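Here is the structure we will look at.
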Amino acid sequence: MGAMMASVTSELIFFLPFILLALLTFYTTNAAKCHGAHRWWLRPTKKKRPNLPPGSTGWPFVGETFAYLRPHPATSVGRFMEQHVARYGKIYRSSLFGERTVVSADAGLNRYILQNEGRLFECSYPRSIGGILGKWSMLVLVGDAHREMRAISLNFLSSVRLRAVLLPEVERHTLLVLRSWPPSHGAFSAQHEAKKFTFNLMAKNIMSMDPGEEETERLRLEYITFMKGVVSAPLNFPGTAYWKALKSRASILGVIERKMEDRLEKMSKENSSLEEDDLLGWALKQSNLSKEQILDLLLSLLFAGHETSSMALALAIFFLEGCPKAVQELREEHLEIARRQRQRGESKLSWEDYKEMVFTQCVINETLRLGNVVRFLHRKVIRDVHYNGYDIPKGWKILPVLAAVHLDSSLYEDPNQFNPWRWKGNAPSSFMPYGGGPRLCAGSELAKLEMAIFLHHLVLNFRWELAEPDQAFVYPFVDFPKGLPIRVQRIAGEGQTVLTESTAMSW
């Protein structure tokens, strides 16, 4: 009985911030509606009652938020989704975070939502996200403001830049991380290493901050605190994760602002051709953004370009550890690429080498499908929608759950199994790991490039195993509770990269 009470108490502590958030959201969004509702009942109306999707509203105020947020393995949709889909179907209504919500596990509706962004649906993340990422963050912007910010990001991440600048940078940062791995059987956190790799890469390409420097390390530690607050309830009083994150946000913006001032001073004195080729310089020279807009743009891209990519890479390491056959096929593919490199007399990967990583792309796709780093998206209905016999009223929230589609047994055979060979062919239209439509992730190609280059050097240089059991959970963010502890063993022989500091720094 004591253990049961302790378990209940711990769950209540975990969900308490979300209860308060739901109550606050419900009050602020529905108080006026409820006040007007009393007058509505006093007069008759002939308005047709909408045919809403089936579902339930759960408890007053908090709805079904408890069950929706309960942690579960990342390779599943969780008990809440399983039970609701079994009972109501793939499109159902609920009450989440104090708002009337339609939840979609339907591939067709999800695609319809993303294709009609700005016409029928609009991005609508909780206010707390905008409060911590900034009102000019691409994640929360809509309409023309979002299109302008996204255009800057797409220009900076163009295919020309991916080939000429980012590919060698990704390879250099990969080697910097791998050369630091212990050659013996000591255990370390693969998740931490993946986060270090992607953070250093983004810091370099956003603000020309070099890995290992004191300022870069301080920024990385502030960013860890910042990230914990992004996914927490917005309780802004001393000691909470959200309060700490706001302080870290101020510190991070202070670093970016100092970099911006230094860059502007250099630009006024030197030839612009001597400037660092990073996003900060790009935004200052190629856009008309205000200082506040540039600060939020850089902060949001540091967030978007680091968190999802690092977790996808950690998931790939985890899935491959349990699939030796896939590791062997990967190694054979990359050995052949290494042989062709030597025949050309080259030591660095080229864009043509990257395009030859066919099975590697299968592994990446399967990792994204099974791991589902982006679980669902927040949208709001801005016009009444009729879909598949259901009416979805204007003003409701709608959540396209990408993970539910990617783990749908009617679309993917044995969906809970890691099977990269299923991708030897065209990807189905239901596969949307980076969203879709006008808000398709601007950095999706860079993310896949990072994974491919890292896996190339990983399989050629190391064998690895879990130091202790671990698996990814959804909290609702994806995370390995133990940090994915692994042990590695260096591989000697053909294809091995010389992992020395001089090799990495020469890139």
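The values are calculated or read from the model by the stated rules, or taken from the named source; none is laboratory data. From a predicted model like this one, the values you see are computed outputs, not experimental measurements. Don't worry about glycine lacking a Cβ; one is built from the backbone with ideal geometry, like all the others, and counts go over all protein chains shown. Just so you know, the surface numbers come from the protein's heavy atoms only, side chains and all, with ligands and any DNA or RNA stripped out. Shrake-Rupley method; radii C 1.70, N 1.55, O 1.52, S 1.80 Å.
Quick rundown of the values:
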item: The range 396-411, residues that are farther than 20 Å from T308 by Cα and open to solvent by less than 10 Å² (accessible area, probe 1.4 Å); result: I398
item: Cβ-Cβ under 7 Å pairs, at least 6 apart or on other chains, the range 460-477 side of a type in the set (S, T, N, Q), far side at pLDDT 95 or above and open to solvent by less than 80 Å² (accessible area, probe 1.4 Å); result: N461/L178; Q471/P73
item: Test: E332 is free of Cβ contacts under 8 Å to residues at least 12 places away in the same chain, surrounded by fewer than 20 Cβ atoms within 10 Å (Cβ to Cβ) and under 19 Å from M451 (Cβ atoms); result: yes
item: So A338, is it aliphatic (A, V, I, L, M), at pLDDT 95 or above and touching a Ser or Thr at 6+ places or on another chain (Cβ under 7 Å); result: no
item: Looking only at the range 66-106, and only at residues there that are among the aliphatic types (A, V, I, L, M) and open to solvent by less than 20 Å² (accessible area, probe 1.4 Å), the one that is farthest from G389 (Cα to Cα); result: A74
item: Residue in the range 384-395 that is within 27 Å of P476 (Cβ to Cβ), assigned to a helix (DSSP H, G or I), open to solvent by less than 10 Å² (accessible area, probe 1.4 Å) and not polar (S, T, N, Q) present; result: no
item: Filter result for R111 (within 28 Å of E445 (Cβ to Cβ) and at pLDDT below 95); result: no
item: Considering residues of the range 356-383 that are among the basic types (K, R) and in a strand (DSSP E or B) only, the residue farthest from the chain's Cα centre (by Cα); result: K380
item: Some residue of the range 222-244 being within 30 Å of Q489 (Cα to Cα), modelled with pLDDT under 95, open to solvent by less than 60 Å² (accessible area, probe 1.4 Å) and not in a helix (DSSP H, G or I); result: no
item: Filter pass, P420 being open to solvent by less than 10 Å² (accessible area, probe 1.4 Å), modelled with pLDDT of 95 or more, in contact with a strand residue (DSSP E or B) (Cβ under 6 Å, 6 or more places away or on another chain) and not charged (D, E, K, R); result: no
